[in-house]
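J.: Sharing a structure with you now.
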Amino acid sequence: MNTIVAKSPLNESQILLLQVFARIRSEEEKIDIQAMLLDYYRKRVDDEARKISLCDEKIEEILNSHYRSHYQ
């Protein structure tokens, strides 16, 4: 795999994912692998939000607030 990485603009992780997806044989497998990846990143985001004490109420407040400057 190192020769592939050396000759490619893709990094090792991207190549690994391409190799995994190249072995998919059905739509169900594709959906399962996509769900695993999304679950992984959803968990990472939740963990980071917990570290900074970002609760659902605070997230809603941020989403509904307007921080743009008023230009005159």
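J.: Throw me the Rg/Rh for the stretch 25-65, computed over C-alpha atoms with Kirkwood Rh, two decimals.
T.: 1.23
J.: Straight-line reach only, C-alpha to C-alpha below 15 angstrom: list the aspartates and glutamates that K58 could link to, leaving out same-chain residues fewer than 8 apart.
T.: Excluding near neighbours in sequence, the set is D46, E48.
J.: Something else about it: Quick one: if you stick a label point 7 Å off each Cα along the C-beta vector at E12 and L63, how many nm between them?
T.: 3.7
J.: Within 14 Å, Cβ to Cβ, of Y41, how many net charges do the neighbouring residues add up to if Lys/Arg are +1 and Asp/Glu are -1?
T.: -1
J.: If you don't mind, there's one more thing I want to ask. Testing the spin-label approximation: label points 7 Å from Cα along Cα→Cβ at R25 and K43. State their distance in nm.
T.: Once both label points are built, they end up 2.7 nm from each other.
Readers should treat all values here as calculations from the given coordinates under stated rules, not as data from a laboratory. Being a predicted model, the structure only gives us computed values, none of them experimental. With ideal geometry, Cβ positions are generated from the backbone for all residues, glycine too; neighbour counts draw on all protein chains shown.
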